[in-house]
Amino acid sequence: MSIIFQTKSGELPIDAQNDSETVLFDGLGSGLTLPYECATGTCGTCRARVMSGDVFDVWPDAPGAQRLKRDRGDILMCQTRARGNCVIRVPALVTQAEEGAPRRFIGRIDELSKLTSDVIQFDVVLNEKATFSAGQFMVINAPGVSGGRAYSMVNYEQQTGRLTFLIKRKPGGVFSDWLFKSAGKDAEISLFGPLGKAIFQPEADGDLICITGGSGIAGIMSILEHAIRAKHFPGYSGQLYFGARTLADTFYVDKLAALTEMSSGGLKVTLALSHEAAPSSTHPASELIRLDEGFVHEVAARVLSENSVGLGENAVGFVAGPPPMVDAAIRVLLGQGKLPPDRIRYDKFS
Amino acid sequence: MSWIKVCKTTDVPENSLKKIWVAGGIPVLIAHYNGGYRAMPPVCPHMEEPLEESGVIAGCVLTCTKHLWAWDLATLELQGETERPLKSYDVKVDGDDLMAFIEQELLYEFEDEDDMDDDDFFKS
């Protein structure tokens with residue numbers, strides 16, 4: 001069957017196999033640069049209009065669908081599948097990407113490890129190798145769990161058959177319950193990606209400042225790994241502020257210490273404890289990791305205010321974490337960090 | 001209507017935003033930036049976020065933290081990937097008072113901006 005995208009760049013037809021994929025993933029998979037942010041129904045960025053054809057909505061109550069004009073045929077492309085030929089109008093400029101189109105992978109869960117009482121790291125072995133940019137994510141579907149969830153890759157390799165992810169257990173979280181309770185090694189999952197534009201670009205980016213909390217560290221780990229390999233430090237500076245409730249909730253201390261050591265003094269990592277006094281000025285497990293008290297954005301604001309040397313011209317801020325933390329961190333980067341808004345990158349999941 | 005007293009200049013500290021209801025029941029957002037004041041409708045022209053809560057002023061730039069749309073408050077120039085201009089009322093300082101020229105409430109058209117409705121969709 002064919003899907004014709006009517007875009008501001010003209011009509012772009014693609015061939016689609018069947019109704020197993022959403023219209024968004026059909027288009028992205030064909031290399032079209034369709035607009036999207038979360039790809040999981042929350043943000044509303046992939047809004048479009050069905051001009052003709054038979055489609056069905058896989059999640060009518062998606063938070064991102066609240067503002068849609070249903071009576072005129074408006075849809076979220078990430079929650080719509082086509083049953084046959086259809087014409088979809090997309091209010092954006094869309095081009096055909098030369099390479100790097102996301103696609104569907106089958107993966108097998110390998111090496112589940114519990115990092116704290118509520119954070120698990122898991123590896124996925126892919127059926128074929130994937131290429132992605134540091135900071136990107138995959139939308140993962142698990143058996144018996146309806147809808148996809150977006151998870152950022154923790155690792156960074158030019159091309160790899162193994163992806164590392166983090167998941168934080170949430171009360172009532174269907175996917176995390178599945179992973180924590182019933183999934184074991186070798187459980188099969190399906191992945192679509194890579195997706196996301198909050199990526200590190202070593203040629204264009206200068207100083208890096210990252211503010212994150214909880215499992216938001218995932219994509220930041222990939223970015224720091226890429227920065228180390230690209231010898232970005234110490235020519236440019238790097239600052240990571242990583243928030244946790246207590247010392248027992250901190251993780252990746254050994255990995256962050258190793259990255260700091262490899263940065264030749266370019267990278268400075270501060271763990272911020274929000275619900276416990278810091279027992280010392282550095283982490284008990286490594287003197288390379290500083291400890292501070294307060295919410296992570298407050299700690300970052302304090303250091304930035306005290307720092308007489310500001311961020312360089314092409315500095316970039318990366319933010320990842322729960323929505324209230326993201327909002328507070330953006331304020332700090334604009335205010336104390338003096339970063340222009342277009343130098344701040346984050347995934348707009350809400 | 002014409003020039004209306006909105007508030008005292010000291011009511012809005014520098015680098016802050018304050019929503020004030022003026023006579024006639026019109027909500028006006030006052031922005032005090034480095035170098036002056038702006039008076040505008042209280043929502044972001046992107047997705048109607050309440051700018052009093054979502055907005056941040058740094059230097060001359062107002063940014064809505066929700067999706068990082070931003071404008072230079074001195075020139076009203078659009079920053080980065082911002083797609084729509086800010087509407088604003090003329091302001092002047094009269095002694096301790098901040099005055100705005102308000103003839104009618106400025107509103108953004110969120111319902112009718114939908115260019116998917118246009119017959120000349122492909123020509124834009």
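In this structure, does A:S146 turn out to be modelled with pLDDT under 90 and either among the small types (G, A, S) or buried (at least 16 other Cβ atoms within 10 Å of the Cβ) (or both)?
So A:S146 fits the description; yes.
Name the residue, out of A:L166, A:L179, that is outside any loop (DSSP other than H, G, I, E, B) and either more than 13 Å from the chain's Cα centre (by Cα) or outside the structural domain of A:T116 (by TED's automatic domain parsing) (or both).
A:L179
Would you be able to tell me the number of residues in the range B:61-79 that are crowded, with 16+ Cβ neighbours inside 10 Å and either within 11 Å of chain A (Cβ to nearest Cβ) or assigned to a strand (DSSP E or B) (or both)?
12
Exposed (fewer than 13 other Cβ atoms within 10 Å of the Cβ) and more than 18 Å from A:I167 (Cα to Cα): which single residue out of A:A248, A:A277, A:A258 fits that description?
The unique qualifying residue is A:A277.
Where the second residue is crowded, with 23+ Cβ neighbours inside 10 Å and of a type in the set (K, R) and the first is closer than 15 Å to A:I209 by Cβ and not assigned by TED's automatic domain parsing to the domain that holds A:E298 and lies in the range A:260-274, which pairs have Cβ atoms under 9 Å and are six or more apart or on separate chains?
none
What number of residues within the range B:81-114 satisfy the criterion of being buried (at least 16 other Cβ atoms within 10 Å of the Cβ) and either at the interface with chain A (Cβ under 9 Å from one of its Cβ atoms) or charged (D, E, K, R) (or both)?
Summing the residues that are buried (at least 16 other Cβ atoms within 10 Å of the Cβ) and either at the interface with chain A (Cβ under 9 Å from one of its Cβ atoms) or charged (D, E, K, R) (or both) in the range B:81-114 gives 1.
Just need a number here: residues in the range B:28-60 that are crowded, with 18+ Cβ neighbours inside 10 Å, over 18 Å from A:R331 (Cβ atoms) and of a type in the set (A, V, I, L, M, F, W, C).
Number of matching residues: 5.
Under 7 Å between Cβ atoms, at least 6 apart or on separate chains: pull out the pairs that start in the range A:223-236 with a residue that is hydroxyl-bearing (S, T, Y) and end on any residue that is surrounded by 20 or more Cβ atoms within 10 Å (Cβ to Cβ).
A:Y236/A:D207; A:Y236/A:L208; A:Y236/A:G266
Select from the range A:316-349 the residues that are farther than 18 Å from A:Y151 by Cα and in contact with a helix residue (DSSP H, G or I) (Cβ under 6 Å, 6 or more places away or on another chain) and list them in ascending order.
Result: A:V316, A:G317, A:A328, A:A329, A:V332, A:Q336, A:G337, A:L339, A:I344.
If you check A:S117, A:S176, A:S113, which single one turns out to be in contact with a helix residue (DSSP H, G or I) (Cβ under 8 Å, 6 or more places away or on another chain), within 30 Å of A:A244 (Cα to Cα), modelled with pLDDT under 95 and polar (S, T, N, Q)?
A:S117
Please list, ordered by first then second residue, the pairs with beta carbon atoms under 6 Å, 6 or more apart or interchain, first in the range A:186-200 and over 10 Å from A:V139 (Cα atoms) and in contact (Cβ under 8 Å) with a residue 24 or more places away in the chain, second part of a strand (DSSP E or B) and among the hydrophobic types (A, V, I, L, M, F, W, C).
A:A187/A:I109; A:I189/A:I140; A:G196/A:F137
I'm trying to understand the selection: among the residues of the range B:51-60, which are more than 7 Å from every other protein chain (Cβ to nearest Cβ) and in a strand (DSSP E or B)?
Once the filter is applied, which keeps residues that are more than 7 Å from every other protein chain (Cβ to nearest Cβ) and in a strand (DSSP E or B), the range B:51-60 yields B:G55, B:I57.
Checking A:R89 against (1) at pLDDT 95 or above; (2) surrounded by fewer than 19 Cβ atoms within 10 Å (Cβ to Cβ); (3) in contact with a helix residue (DSSP H, G or I) (Cβ under 9 Å, 6 or more places away or on another chain), which single condition isn't satisfied?
Of the numbered conditions (1) at pLDDT 95 or above; (2) surrounded by fewer than 19 Cβ atoms within 10 Å (Cβ to Cβ); (3) in contact with a helix residue (DSSP H, G or I) (Cβ under 9 Å, 6 or more places away or on another chain), the odd one out for A:R89 is (2).
Can you tell me which residue is farthest from the chain's Cα centre (by Cα) among those in the range A:314-347 that are within 13 Å of chain B (Cβ to nearest Cβ) and surrounded by fewer than 17 Cβ atoms within 10 Å (Cβ to Cβ)?
Only one residue fits best here, namely A:K338.
Applying the selection to the range A:13-42, what residues are within 14 Å of chain B (Cβ to nearest Cβ) and more than 28 Å from the chain's Cα centre (by Cα)?
Scanning the range A:13-42 gives no hits.
Taking the range A:14-47, which residues are in a strand (DSSP E or B) and over 17 Å from A:R83 (Cα atoms)?
A:L32, A:R47
Given the options A:E157, A:E203, name the one that is without any contact (Cβ under 8 Å) to a residue 40 or more places away in the chain, under 30 Å from A:L339 (Cα atoms) and within 20 Å of the chain's Cα centre (by Cα).
The unique qualifying residue is A:E157.
Quick test of your reading of the structure: A:L311 fulfils all but one of (1) crowded, with 16+ Cβ neighbours inside 10 Å; (2) not in a loop (DSSP other than H, G, I, E, B). Name the failing condition by number.
Here A:L311 meets the rest and fails (2).
The values are calculated or read from the model by the stated rules, or taken from the named source; none is laboratory data. The shown structure was predicted, so the numbers you read here are calculated from the model rather than taken from an experiment. We place every Cβ from the backbone using ideal geometry, glycine too, and count neighbours over all the protein chains shown.
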